[in-house]
1. If the reach is capped at under 30 angstrom between alpha carbons, list the lysines near Lys100, excluding any in the same chain fewer than eight residues apart.
2. Give the carbon-plus-sulfur fraction of the accessible surface of the chain in %, rounded to a whole number; probe 1.4 Å, heavy atoms of protein chains only.
3. Looking only at segment 138-163, which residues have a backbone nitrogen under 15 Å from a spot 7 Å from the Cα of Lys52 in the C-beta direction?
4. Farthest toward the dipole's positive end in the chain, which of Phe115, Leu62, Gly73, given Cβ charges of +1 (Lys, Arg) and -1 (Asp, Glu) about the Cα centre?
5. Given R₀ = 25 Å, what would the calculated FRET efficiency be for Lys92 paired with Ser176, taking r from the Cβ atoms and rounding to 0.05?
6. As a test of the formula, what do you get for the chain when each DSSP H run with n ≥ 4 contributes -39,500 (n - 2.57) and the sum is divided by the residue count, at 222 nm and rounded to the nearest 500 deg cm²/dmol?
7. What distance in nm lies between label points placed 7 Å from Cα along the C-beta direction at His101 and Ala128?
8. Would you please name the trypsin sites (Lys or Arg not before Pro) within segment 1-57 that are DSSP coil residues with at most 15 other C-beta atoms within 10 Å of their C-beta?
Amino acid sequence: AQSLTAAVAIGNFDGVHLGHQTLLKEMVDFTRSRNIASVAVTFSPHPVTILKKQPASLIYPLFQKIALLEKCGVDAVWVLEFDSALSQLNAKEFLFFLQKHCPFERIFLGEDACFGHGRTGTPLQVRAWAENFQIAYQPLQYCQDTPISSSAIRNLIQKGALNELPLWLGRPYALSLEKT
């Protein structure tokens, strides 16, 4: 019997901006060509609330982020509860945890992604551990010579530059306050 397998993309995906969309499209194209599942792995609450014990300034509420991830064509969105136990896993333990609960053959990450306790899951380190899976790092996407990131988008929102957001998000910015 063939074991179930998937590809996973890991991230906070706050904003589901053009960089995220490019990464997710890459994963979805890969999984459709292999006839396996595509899974976006994200966290709630935002890790900053546990790691820095401060409220997170989010671009979208969780339910809207999940809907935007689904619009990207992923087969599933796995929301991991980010708590103190999860925050203590080093990168290798975190990958083992993921592999145990969602066996994957390829992991998709942004080229600047670091994860695990102490951010030990650097691109170089993760490549060294990749025995039973492949890694695809997505190059950063740029807007106006600046890397597209959730923090850059949050800065635009705080400055009131909402008219610039479509360039970064690939769609108009609309905040839902309740599930529809």
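The values are calculated or read from the model by the stated rules, or taken from the named source; none is laboratory data. A quick note: this is a predicted structure, and the numbers were derived from the prediction, not measured. Every residue, glycine as well, gets a Cβ built from its backbone with ideal geometry; the counts of neighbours run over all protein chains shown. What goes into the accessible areas is simple: the full protein's heavy atoms, side chains included, and nothing from ligands, DNA or RNA. Shrake-Rupley method; radii C 1.70, N 1.55, O 1.52, S 1.80 Å.
1. Here the lysines satisfying the reach criterion relative to Lys100 are Lys25, Lys52, Lys53, Lys65, Lys71, Lys92.
2. Here it works out to 53 percent.
3. Only 150-156, 158 fall inside the zone, counting backbone N under 15 Å.
4. Looking along the dipole axis, the top candidate is Leu62.
5. According to the calculation, E is roughly 0.10.
6. -10500 deg cm²/dmol
7. With each label placed 7 Å out from Cα toward Cβ, I get 2.6 nm.
8. Sparse-neighbourhood loop trypsin sites (Lys or Arg not before Pro): Lys52, Lys53.
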